[in-house]
Amino acid sequence: MAHRDAAAGAPAEIYRRYLEGGTLGFQRCRDCSSAVFYPRVLCPVCGSISLEWRTSGGRGVVYATTAVYRRNEEPYNVALVDLEEGFRMMSRVEGIPAEEVGIGLRVRFEVRGEEDGPVAVFVPAESTG
C-alpha cells in the first residue's frame with residue numbers, strides 16, 4: 001500500500017486532496033504506529049517509509065493558543081490542537097473571539113475555502129455551524 005500512496009503524489013498534495021474532499025488526512029506509521037502530521041515521506045519517530053493515510057474524526061483540544069493583533073483589524077488566533085488520533089497541528093479557531101480561545105477548549109475540524117485553496121480550521125465543539 002505504501003507504493004500506491006507514493007504513486008498518488010507528494011504528501012502535501014495528498015493532504016490537500018483530503019481537504020478538498022472535506023476531511024482531515026494524516027498518516028500512521030505501519031512500523032511504530034505513530035500518528036504523523038504534517039504529512040511526510042518518512043516517519044519522524046522511527047524513520048520508516050511505511051506510512052499509510054488515515055482520516056481524522058476531526059475532534060481535538062486546544063493545547064496552546066495566542067491572539068494576534070493587527071492595526072485596524074480584528075485579532076485572530078493561532079492555536080496548537082491535539083487531535084484524538086494522537087497528533088498535534090497548528091491552525092486557528094473560528095466562531096469565537098480570538099481572546100476567548102483558551103487552553104483545553106474542545107474543538108472540531110472544518111474546511112474553509114480560501115484564495116490559495118482549502119484550509120483546515122477548528123470551531124468550538126458545541127458549535128453546529
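Give the residues of segment 97-112 that are outside any loop (DSSP other than H, G, I, E, B) and either over 19 Å from Thr55 (Cα atoms) or basic (Lys, Arg) (or both), sorted by residue number. Break it down into steps so the answer makes sense when it comes.
Going through segment 97-112, the residues outside any loop (DSSP other than H, G, I, E, B) turn out to be 98-100, 106-112.
Of everything in segment 97-112, those that are outside any loop (DSSP other than H, G, I, E, B) and either over 19 Å from Thr55 (Cα atoms) or basic (Lys, Arg) (or both) turn out to be Ala98, Glu99, Glu100, Arg106, Arg108, Arg112.
Among Arg16, Arg30, Arg88, Arg54, which is the only one that is basic (Lys, Arg), within 18 Å of Val123 (Cα to Cα) and in contact (Cβ under 8 Å) with a residue 24 or more places away in the chain? Result of the check over Arg16, Arg30, Arg88, Arg54: Arg88. Scanning segment 34-86 for residues that are outside the structural domain of Tyr15 (by TED's automatic domain parsing), more than 19 Å from Thr23 (Cα to Cα) and part of a loop (DSSP other than H, G, I, E, B) yields Tyr69, Arg70, Arg71, Asn72, Glu73, Glu74, Pro75.
Table: residues versus (1) surrounded by fewer than 19 Cβ atoms within 10 Å (Cβ to Cβ); (2) in contact with an Asp or Glu (Cβ under 8 Å, 6 or more places away or on another chain); (3) more than 25 Å from Ile103 (Cβ to Cβ); (4) hydrophobic (A, V, I, L, M, F, W, C).
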position: Gln27; (1), (2), (3), (4): no, yes, yes, no
position: Arg30; (1), (2), (3), (4): yes, yes, yes, no
position: Ala35; (1), (2), (3), (4): yes, yes, no, yes
position: Cys46; (1), (2), (3), (4): yes, yes, yes, yes
position: Glu52; (1), (2), (3), (4): yes, yes, yes, no
position: Val61; (1), (2), (3), (4): yes, yes, no, yes
position: Ala67; (1), (2), (3), (4): yes, yes, no, yes
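The values are calculated or read from the model by the stated rules, or taken from the named source; none is laboratory data. The structure presented is a predicted model; accordingly, all values stated were derived computationally and were not measured. Note that we place each Cβ from the backbone using ideal geometry, even for glycine, and neighbour counts take in every protein chain shown.
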